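Chemist: Would you mind keeping the following structure in view while I ask a few things?
The values are calculated or read from the model by the stated rules, or taken from the named source; none is laboratory data. All of these numbers come straight from a predicted model, not from anything done at the bench. FYI the Cβ positions are ideal-geometry reconstructions off the backbone, even for glycines, and counts take in every protein chain you see. We work out accessible area using only protein heavy atoms, side chains counted, and drop any ligands, DNA or RNA first. Shrake-Rupley method; radii C 1.70, N 1.55, O 1.52, S 1.80 Å.
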Amino acid sequence: MSSSTSSEKHSETSSEKPSGKPGISRRRALALGGGALGAAAAGSLLPPSLQEALAHEPPAGGLKAVRHVVILMQENRSFDHYFGSLRGVRGFGDRNAIQLPTGRSVFEQPTPLGGTVLPFPVRDAAVAQQKDLQYIGDLNHDWTGGGKAWNKGWMDNWIGAKSAATMAYYTRADIPLHYELADTFTVCDAYHSSIHTSTSPNRNHLWSGRTGFEANGERAVTNAAYAEGIHPGYDWTTYPERLERAGRTWQTYMEWDNFGDNQVEFFAGFKAIARKVLAKTEFTYLEAFYAKVRDAADEGERTRLLGILEEGVNTLSAGERSLFERGLRRVPTGKLADTFARDVAAGELPAVSYLVPSAIDSEHPGTSSPIHSATLVYKVLDALASHPETWRHTVVLIDYDENDGFFDHVPPPVPPAGDTEEHWQGLPTGLGIRVPMLVVSPWSVGGYVSSEVFDHTSVIRFLEKWTGIKEPGIGTWRRRVTGDLTGAFDFKRGRRQPEVEQPGAIPPFTGRWRPQPPLDQKMPEQEPGRRPARALPYQPDAYGSVQGGVFRLKVVNGGRSCVPLALYPYAGEFDVPQHTDVDDRALWEVQLAGDAYAFTVTGPNGFRREFAGRVRGTAAVTTEVDGRGRELSITLRNRGDRPLTFTVRSLAYGQERPREITLRPGRGRTIGHRAGAAHGWYDLEITAEGDEGFRRRLMGHIENGRTSVSGC
């Protein structure tokens, strides 16, 4: 979110008041919750009510058993920034990390002055700079900066666009609640923000499936909607309005300070209702009015202002009033969680709930901190689990609108160049950088990882699947390459939570700062071990050979969902990385630039194919994936007039001895590599003595439709 919004002008320290308990600040009491202090001593931040609820199996009935979906979108954190060191996800130990044009890893980000910066712990920087690790400041996160960091797909301009602080990351010791939620439920490590820019356009995707155009014809890629009294409001329909028309219950829970994060307030229909409600005031914008309420000199003045608001509410039609009460009504400061809990207790929780925290609870690095999210998350989960029958039928989705300016190493899928719907100013509007997504429900227990490609529109698509209410605003390309979140659940059975580590305490606020990298840099180590993984709907393969100066790359997908792939040209085959999306099969023609080629194709999860060799080379390799038998069939061919000796060696997932196969001219041979013992994972290198420079790397995961384990 832009630092120019009116909500951010409120001092974070203004809410510091005594909690009434000796030695515990109000911030800590809020962040941990009344019961969490005791839970922390026992080694868990989860409410005792939730720990008890997790002992029970989820209800039968599949998706139809879901009665409530609670959506909590927090602010401005990238996946690597939070979960790069979490075991068993695509983090700092990622074998599928791309290589930069310089030959260095994507983790070695170049600086404008010629050096490089590796990811470094916030904790170490805090010690060196004598700061508190919870209160690092925000970085550039606008449309221009996002495009610069992405840099045409090379992902190599993070320092220049964001500063060295972009590489700072947290660990389990710093944000224990987040890690405990990941270890208890399901974390998505291929969930992307929707667009390379700030809060408002990303939230447009969550609330309406897209971000269209401003009134002046410019694409809505900035926070222009926050301009008080100037912005006319977006003229397309939101998903909450579609729920309303279909008679499905929904509610936005927010306080007098909602940090400008309730995106429906920036749509024309809701703006018109707000103006009608505020007709007898000096305001036309609810945020400005509620700022006046928050800053009122005394309770009498606050009561007077709220009375005028109610007079305006009474002028609304029945339809307008329903939209106001569901989408625009705010509750007093500090009462969001209480209001939510009251509705749960009364059996009045709507089908769809949007939780919009205040600035201090938003996790935004300009006004909040990671530990502050414990305030809302603890109370919300406690409210649900304290009523087991409600918990048994509820899904809670915790995601983040954008990455702020924090680094993530996984290049997002982007649309083909000719897709005008998904481009602006010559750049793809999305997908954006990876952000965390935690799927909390009775059907997502077990510490799973889901590596299916998602973005914010996937939340709406989950609602679509569940309610049957379609959102036509979601673009064709996004529907093709992103999932609907159902793959993150197991609606057939559940698992109890694993052991978790003890969380830390919350420090007093001491000011914002930007971490600086250490002089002695080293690559971070990801937590060892794997985690159970949800089955994925992809089964990609790619192979090919040179024909007349063109590498004819055949791409096959045996899965049920379209697989987005990227090609990184390291020998000048293309000027920039290329992208394609494959439903079944496709032919990718790579025009070679010289006597040799070297390019890499990557896809979701661990899929990777590296191709190197000479234009006049004589070795060839084709492959075929057998999902049922979890076997990779490899055919080696000698297309020359001299013998070739192929060497096939395993680089990971089993240290079997290298195999050498000598082929006479014109001959071929097919061998199999069984990956079942490695849960479907494989990483093989193939070279050919007699064909200088020839190399293939085959890496990925063979899906068989069942739960597996992660590759890291």
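Chemist: What does the helix-only formula give at 222 nm for the chain: each DSSP H stretch with n ≥ 4 adding -39500 (n - 2.57), the total divided by the residues, and the result rounded to the nearest 500 deg cm²/dmol?
Modeler: Calculated mean residue ellipticity at 222 nm is -6000 deg cm²/dmol.
Chemist: What number does the range 553-689 give for Rg over Rh if you use C-alpha atoms and the Kirkwood radius?
Modeler: Using Cα coordinates only, the ratio equals 0.96.
Chemist: Which entries of Lys271/Lys470; Lys152/Lys554; Lys335/Lys379 show an alpha-carbon separation above 19 angstrom in the structure shown?
Modeler: Lys271/Lys470; Lys152/Lys554
Chemist: How much of the accessible area of the range 495-634, probe 1.4 Å, is carbon plus sulfur, in whole percent?
Modeler: Carbon and sulfur: 44 percent of the exposed surface of the range 495-634.
Chemist: Let me ask something else. From the square roots a ≥ b ≥ c of the eigenvalues of the alpha-carbon gyration tensor of the range 226-372, which class results: rounded (a/c under 1.5), prolate (a/b over b/c), or oblate?
Modeler: Here the range 226-372 falls in the rounded category.
Chemist: So, one more: So if I place +1 on the C-beta of Lys and Arg and -1 on the C-beta of Asp and Glu, and nothing else carries charge, what would the dipole magnitude of the range 257-370 be about its Cα centre? I want it in debye, nearest 20.
Modeler: Using only the charged Cβ atoms, the result is roughly 380 debye.
Chemist: Which net charge results for the neighbourhood of Val344, defined as the other residues with beta-carbon distances under 13 angstrom from its beta-carbon, given Lys and Arg at +1 and Asp and Glu at -1?
Modeler: -1
Chemist: Quick one: length gained pulling Ala652 to Phe574 fully straight, 0.36 nm per residue minus the C-alpha distance?
Modeler: 25.1 nm
Chemist: Below 15 angstrom from the Cβ of Arg479, what's the summed charge of the other residues (Lys, Arg +1; Asp, Glu -1)?
Modeler: Summing Lys/Arg as +1 and Asp/Glu as -1 gives -3.
Chemist: Report the FRET efficiency, 1/(1 + (r/R0)^6), for Lys276 and Arg67, where r is their Cβ-Cβ distance and R0 is 51 Å, rounded to 0.05.
Modeler: Approximately 0.95, to the nearest 0.05.
Chemist: Can you bin the range 309-392 into rounded, prolate or oblate? Criterion: square roots of the alpha carbon gyration tensor eigenvalues sorted a ≥ b ≥ c, rounded for a/c under 1.5, prolate for a/b above b/c, oblate for the rest.
Modeler: Taking the square roots of the gyration eigenvalues as a ≥ b ≥ c, the range 309-392 is oblate.
Chemist: Just the projected area, averaged over all directions, of the convex hull on the alpha carbon atoms of the range 409-479: how many nm²?
Modeler: For the range 409-479, the mean projected area of the Cα convex hull comes to 6.2 nm².
Chemist: I need the Debye-formula profile for the range 179-247: one equal scatterer per C-alpha, no solvent, reported as log10 I(q)/I(0) at q = 0.22 1/Å, two decimals.
Modeler: With no solvent term, the Cα-only Debye profile gives -0.96.
Chemist: If you don't mind, another one. Which value, in debye to the nearest 20, gives the size of the charge dipole of the chain about its Cα centre, when Lys and Arg are +1 and Asp and Glu are -1 at the Cβ?
Modeler: 1840 debye
Chemist: Around Gln591, with a cut-off of 12 angstrom between Cβ atoms, what is the net charge of the other residues, counting Lys and Arg +1 and Asp and Glu -1?
Modeler: Cβ neighbours under 12 Å give a net charge of -2.
Chemist: Heavy-atom accessible area per residue, the chain, 1.4 Å probe: how many Å²?
Modeler: 37 Å²
Chemist: Of the heavy-atom accessible surface of the range 113-255 (probe 1.4 angstrom), what whole percent is carbon and sulfur?
Modeler: Carbon and sulfur atoms account for 49 percent of the accessible area of the range 113-255.
Chemist: Sticking with this structure for a sec: Given R₀ = 35 Å, what would the calculated FRET efficiency be for Gln547 paired with Gln521, taking r from the Cβ atoms and rounding to 0.05?
Modeler: Plugging the Cβ-Cβ distance into 1/(1 + (r/R0)^6) gives 0.20.
Chemist: Cβ neighbours within 10 Å, averaged per peptide: list 679-686, 83-90, 567-574, 352-359 in order, most packed at the top.
Modeler: Top of the packing list down: 83-90, 352-359, 679-686, 567-574.
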